[in-house]
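The values are calculated or read from the model by the stated rules, or taken from the named source; none is laboratory data. Since we're looking at a predicted model, the values are computed, not measured. Cβ atoms come from the backbone with ideal geometry, glycine included; neighbour counts cover every protein chain shown. SASA here: full protein model, heavy atoms, side chains in, ligands and nucleic acids out. Shrake-Rupley method; radii C 1.70, N 1.55, O 1.52, S 1.80 Å.
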Amino acid sequence: MLDLYGCAAALLDNRFAFFHRLRKFEVEIDWEPPESSAWVQELHAFDYALDLALTHRISGEEVYARHLRYLLAHWIASNPPTRGTGWLLGVAARRVRNWILAADLARGEWERDAEFFDVVCGSLALQSTF
C-alpha cells in the first residue's frame, strides 16, 4: 500500500520513472521528451493511470482523480490522431486498456464532469478504431 501511495504522490508532482530513469516535468508534460523510445512509449501507455485511479478509489481523495483527469485531457489535447509515439499500435492498445480500467475505478468522479467524460469516451472510441 505504501508503494502505491508513493507512486501516486510522485505522479501528482509530475515525476515519472521508467527503466530506472526519473524525469520531472516542471510545468506541463512533454509527451515526446528526449528519452529513449522505450521510455517514451511507457509514458504514452499510461500504466500509471491505474496507480492514480486505485489510490483515489482506496483513499476517496479527489486530488488523485483530478490529476488523472488532467493527464488524460492533456494527452488528448497534445497528441493529435496518428501523430507521434502515442499512436504506435502496441502503445495505443495498452493506453486504451489502462484508460478503461482507470475509468472503472474513478467512474463516480469522472461522471460528475460530463464534458470530460464525453471527451475521454470520444478519444477512446477514436483510439480503438485506429
Over the Cα atoms, compute the radius of gyration (one decimal) and Dmax (the largest Cα-Cα distance, rounded to a whole number) for the chain, in Å.
13.9, 38
Give me the extension gain from Glu32 to Ile100: residue separation times 0.36 nm, minus the current Cα-Cα distance, reported in nm with one decimal.
22.2 nm
With every protein chain present, what accessible area does Glu61 have (1.4 Å probe, heavy atoms only), rounded to the nearest 10 Å²?
90 Å²
At most 14 other Cβ atoms within 10 Å and a DSSP loop assignment: could you name the chymotrypsin sites (Phe, Trp or Tyr not before Pro) in the stretch 7-96 that fit?
Phe19, Phe25
Please find the FRET efficiency linking Leu88 to Lys24, where r is the Cβ-Cβ separation and R0 is fixed at 25 Å, and quote it to the nearest 0.05.
0.55
For the stretch 1-70 and the stretch 107-122, what is the centre-to-centre distance using only Cα atoms, to the nearest Å?
20 Å
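Viscosity 1.306 mPa s, temperature 10 °C: give me the Stokes-Einstein translational D for the stretch 1-74 in µm²/s, with Rh taken as the Kirkwood radius over C-alpha pairs.
126 µm²/s
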